[in-house]
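One structure is given below, encoded as structure tokens.
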Amino acid sequence: MSDGGTGDQGTGPALPALPPADMPWPFDGPAFRMSMGLRALAPAAWIQPDAEWPRLLAGRRELLRTRRGEVLALMPEATPAARELLELLADHLTGRFPDLFTAADGWIESRITGERLPLDGSDPLAVMGALVADDLCIMTRTHGGWRLTGAVLCFPNRWRLADKLGKPMPGIHRPVPDYDRTLAVPVDRFFDALADGKAVWRTNWALNDDPALFQPVETAHTSPDRTITAENAGERLFLRVERQTLRHLPGSGAVIFGIRTYQRAIRQLSPDHAADLAGVIRTAPEDTARYKGLIRTAGPALAVLDRIAAGGQGRP
């Protein structure tokens, strides 16, 4: 593969119009709830190209070129799963979106980026990282539980792949408030019971004061940015939402955890959504508020959200 492992540039007809990005709303109303929030996912809806993909894929290619060691890792035991995942992903993309992806002679071509990428399995995570906008993590069952054994993770939100690689679920989620008490057992049981062909999805969210999608550094416990005020918070604060998918690989037995990241400045929220987010911020337990960085962002965010919810604008 050329250019840091992401394939050769191809040519072809003009790119068909991509659908608008449909950011899933992570709240059921204006109150905080701690739950897994799993919903059934039709396999056809697993990976869904949209109008944000060209921009996201450009960012991913640059990260794979310049920071590969930070965004890609594969333990030897996860190599069969990574190759199986690449085959599944190629079948999904060419079958569901034949106007965007074609495969022949051991290559897959993306009309979104104009790249031809090899399907020989020699560097499967790099290929997938350049092919789709979703991050993809491989979870492998061992005697010590489900462990993270590989990933292409270009858009982490305040965590480092190197810090989580090889760890079981409790170790991965140790910073999450109440995880051990409320979620550890049901999450492990769910992974054990995930049947062939079954897929689910859920959402996760954060309120950030940095628009970068690549955020490996924890900032939740640092001092607030005093330049963010009630007057400019509508442009300076961002609701970040992850559409997280889970599906089982029948051959290797691994579980694939996918993450498609969306982000919107809070001034872009509708009145109903602004009211939901304001209510969630106000009712989040203190440990959750600290974990999600709301200590840094809640004050100026609420001033903006309350104005929008009342029918005003995102700025005074």
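With respect to the conditions (1) in contact with a strand residue (DSSP E or B) (Cβ under 9 Å, 6 or more places away or on another chain); (2) over 23 Å from ALA199 (Cα atoms); (3) open to solvent by 10 Å² or more (accessible area, probe 1.4 Å), LEU88 falls short on a single one, namely (2). Scanning region 205-221 for residues that are open to solvent by 50 Å² or more (accessible area, probe 1.4 Å), within 30 Å of ARG61 (Cβ to Cβ) and touching a residue at least 60 places away in the same chain (Cβ under 8 Å) turns up just one, GLU218. Would a scan of region 231-244 turn up a residue that is at pLDDT 95 or above and touching a Gly at 6+ places or on another chain (Cβ under 6 Å)? Checked region 231-244: at least one residue is at pLDDT 95 or above and touching a Gly at 6+ places or on another chain (Cβ under 6 Å). Among residues of region 28-48 that are more than 21 Å from HIS273 (Cα to Cα) and assigned to a strand (DSSP E or B), those with a beta-carbon under 7 Å from a residue that is open to solvent by less than 40 Å² (accessible area, probe 1.4 Å) and not polar (S, T, N, Q) at least six positions away or on a different chain give the pairs ALA40/VAL200.
From the list ARG307, ARG226, ARG236, ARG260, exactly one residue is of a type in the set (D, E, K, R) and open to solvent by less than 10 Å² (accessible area, probe 1.4 Å). Which is it? From the options ARG307, ARG226, ARG236, ARG260, the qualifying one is ARG260.
In region 51-84, the qualifying residues are those that are of a type in the set (Gly, Ala, Ser) and either outside any helix (DSSP H, G or I) or in contact with a Phe, Trp or Tyr (Cβ under 8 Å, 6 or more places away or on another chain) (or both), and the one that is surrounded by the fewest Cβ atoms within 10 Å (Cβ to Cβ) is ALA51.
The values are calculated or read from the model by the stated rules, or taken from the named source; none is laboratory data. Bear in mind that the values here come from a model prediction, so they are computed numbers and not experimental data. Positions of Cβ are backbone-derived with ideal geometry, glycine not excepted, and every protein chain shown enters the neighbour counts. For the accessible areas, the whole protein counts, side chains as well, though only heavy atoms, and no ligand, DNA or RNA atoms are used. Shrake-Rupley method; radii C 1.70, N 1.55, O 1.52, S 1.80 Å.
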